[in-house]
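The numbers here are math on the coordinates, done by the rules we state, and not lab data. Please read these numbers as outputs of a predicted model, since none were measured by experiment. No Cβ is skipped: glycine too gets one built from the backbone with ideal geometry, and neighbour counts run over all protein chains shown.
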Amino acid sequence: MMERIDRLITFVERAVLTLSCVCLFGIMIIVTVDVMMRYLFASPLSWSYDLISLYLATLLFFAAVSDTFRRGSHVKIELFDKLGSTRVRATFEAIGYSSAFIMFCIMFEVSLDDAVKSLLGGDVISGAIAWPTWIPYMIASVGFGLLAIRILFTIAERIQTIVTGQASTRAVENLE
């Protein structure tokens with residue numbers, strides 16, 4: 001059962017990560033075209049900065065955050081990693097991940113609430129193009145939500161390790 005859940009979450013993470021890669025490619029293309037237009041024709045793209053800073057960079061980051069956690073590439077303080085048995089380490093990690101889960105659930109709720117308020121209020125940034133501001137909030141809430149789901153799954157794995165004494169077989173987040 002745990003393997004099926006992991007495969008489903010991983011599938012969603014990889015799909016969203018692919019979107020992140022597309023955003024990175026889009027940023028590179030837009031910046032290149034903007035620089036060429038600016039210096040060759042003295043006519044930069046007036047919309048490029050807003051598009052990149054509001055939407056593409058936000059999506060680039062938040063679409064990759066859960067997959068980064070899954071692969072163990074996140075910032076992690078490894079204070080207790082070499083202390084105690086597998087069960088002891090799993091206990092410490094379950095406690096730490098539980099506090100992270102609570103924090104990311106709060107961040108999910110706040111960003112979703114901001115997205116809804118911005119959408120209902122018709123909030124836009126002022127400029128040549130009236131870019132809606134609810135989209136970056138929604139992107140953040142999806143990223144926080146997916147990360148919270150991944151952390152919850154990892155907590156379940158750690159609890160399973162505490163009960164059975166055997167660490168998960170996932171390569172990156174393995175306790176052994």
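Rounded to the nearest 10 degrees, the inclination of helix 2-41 to the longest alpha-carbon principal axis of the chain is 30 degrees.
Mind giving me the FRET efficiency for Ser98 and Thr32? R0 is 45 Å, r the Cβ-Cβ distance, nearest 0.05 is fine.
Values: r = 44 Å, r/R0 = 0.99.
Plugging the Cβ-Cβ distance into 1/(1 + (r/R0)^6) gives 0.50.
Listing Glu157, Glu78, Glu93 from fewest to most neighbouring C-beta atoms within 10 Å gives Glu78, Glu93, Glu157. Selection among Val116, Gln166, Ile155 by position relative to the dipole of the chain gives Gln166 as farthest towards the positive end (Cβ unit charges, Cα centre). Relative to the dominant Cα principal axis of the chain, helix 86-121 is inclined by about 30°. Considering only Val88, Val142, Val163, give the residue with the highest GNM mean-square fluctuation for the chain, with springs between Cα atoms whenever their separation is below 10 Å. Sorting by GNM fluctuation, first place goes to Val163.
For region 1-105, trypsin sites (Lys or Arg not before Pro) are listed when DSSP marks them as loop and at most 11 other Cβ atoms sit within 10 Å of their Cβ; the list is Lys82.
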